[in-house]
Amino acid sequence: MPGLTHRHGQRTERLRSTLAAVGPALAGRAGARIARVLGVSVSRSTVLRLVDALPEPEVAAPRVVGVDEYATRKGRHYGTVLAVQVADRWHLWHNLSEATERAVAQHRRCLRALVPAAPEPEPEPATEEEPPGSPWPTGHRFADLTRARHAAVHALLEAGHSRRSIQRQLGMTWRTVKQLAEAAAPEELFTGQWQNRPSVLDDYKPYLDDRWNEGFTNAWKLWEEIVPLGYKGSYQRVRAYLHKKRTSPRPVTARPPSPRTVSGWILSRPETLTEPEQLQLKTVRTHCPELDALTRHVRSFAVMLTQRQGEHLPAWLDAVRQDDLPSLHTLAAGIDRDLNAVTAGLTLP
């Protein structure tokens, strides 16, 4: 009976198509249960065989693949997810926060505008122990060494020793003994040698002064901070400069807010700042065009992030590059490398 055979074949094909559609969605056991509801009694193995017989779907070769791993039971069962690459918003804001604090630190001098000018200290009378015109203060190791050697040579001369004898006893060269013997005072040996000599530390003293005013007084830590900035001198020179500051009388003055505090104002919603904080931030922005631009960029990024306006990201990157903000330029370069993922992070729910 050809007609019956034909109808049976059509029914079989429809069942096979139905099971082939159920299988990829529900797999074996669940697919078999749904099939029984539809009036078809099949085993889970049959459903899986039908799924396995389906042709592989044609998909475009991916250019970027996001890979993430998860644990359903730590130490025993793990899985891997291949998904659309998305930069999560927490890390985007965290990276912007770090770049903001670096930018404020690079313009820390602008924060002095928040502190009233300190009165000029009264000049102190010269100490009696410092010889007039001496280029080296008492306590300078080279000055003290020269004074000690001068005293030793003249003491031996007064005791009747010859210069050759002094040379042997003190282990000095003939030229050194001659210079010390002919100098009436050790300060004569200083004149013209180190007076008004520029120091390799001069360019870094403003930075050290700022850090000192913020309460950072550890010489070793401050030396470690200025070495990456280009300082080539010794740690001892930094220590001597800070020792002079530490032992000199200082007027009691208010300290400017730290870069972390000011960056916190910039990163906060404007309406959440207190009135004094708003006023201080306005003062900083008025005195520093770079920090004013930084504040505008941070707030526009915050709007993109909270309102999921990822389509504005290219314009934001272009605006950032127009201003002298190296830390934001570094952040922008990192975003460029993962532009699609960052755009997705600022767009997708």
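The values are calculated or read from the model by the stated rules, or taken from the named source; none is laboratory data. Owing to the predicted nature of the structure, the values given are computational and were not obtained by experimental measurement. A quick note on method: Cβ atoms are made from the backbone with ideal geometry, for glycine too, and the neighbour counts reach across all protein chains shown. Calculation scope for accessible area: heavy atoms of the full protein, side chains included, ligands and nucleic acids excluded. Shrake-Rupley method; radii C 1.70, N 1.55, O 1.52, S 1.80 Å.
Is it fair to say SER327 is among the polar types (S, T, N, Q), in contact with a Ser or Thr (Cβ under 6 Å, 6 or more places away or on another chain) and either assigned to a helix (DSSP H, G or I) or buried (at least 16 other Cβ atoms within 10 Å of the Cβ) (or both)?
no
Note on region 172-191: among residues that are open to solvent by less than 60 Å² (accessible area, probe 1.4 Å) and either among the β-branched types (Val, Ile, Thr) or over 17 Å from LEU145 (Cβ atoms) (or both), the one that is nearest to the chain's Cα centre (by Cα) is THR176.
If the condition is being touching a Ser or Thr at 6+ places or on another chain (Cβ under 8 Å) and in a helix (DSSP H, G or I), then region 281-311 contributes LEU281, ARG285, ASP292, LEU294, VAL298, GLY310, GLU311. PRO116: within 30 Å of TRP212 (Cβ to Cβ), loosely packed, with under 12 Cβ neighbours inside 10 Å and at pLDDT below 70, yes or no? Yes; evaluated as a whole, the condition is true for this residue.
Checked against (1) surrounded by 10 or more Cβ atoms within 10 Å (Cβ to Cβ); (2) over 30 Å from THR347 (Cβ atoms); (3) modelled with pLDDT of 80 or more, VAL86 meets all criteria but (2).
Check whether at least one residue in region 131-141 is assigned to a helix (DSSP H, G or I), modelled with pLDDT under 80 and either open to solvent by 80 Å² or more (accessible area, probe 1.4 Å) or under 30 Å from ARG102 (Cβ atoms) (or both), and report yes or no. So far as region 131-141 goes, yes, one or more of its residues are assigned to a helix (DSSP H, G or I), modelled with pLDDT under 80 and either open to solvent by 80 Å² or more (accessible area, probe 1.4 Å) or under 30 Å from ARG102 (Cβ atoms) (or both).
Taking the residues in region 148-171 that are open to solvent by less than 50 Å² (accessible area, probe 1.4 Å) and either at pLDDT below 85 or not hydrophobic (A, V, I, L, M, F, W, C) (or both) as candidates, determine which candidate is farthest from the chain's Cα centre (by Cα). By that ranking, first place goes to SER165. Among residues of region 83-103 that are of a type in the set (Lys, Arg), those with a Cβ under 8 angstrom from a residue that is in a helix (DSSP H, G or I), sequence gap 6+ or separate chain, pair up as ARG89/LEU305; ARG89/GLY345; ARG102/SER327. If you check PRO62, PRO55, PRO24 for being modelled with pLDDT under 75, open to solvent by 100 Å² or more (accessible area, probe 1.4 Å) and under 30 Å from ALA83 (Cβ atoms), only one passes: PRO55.
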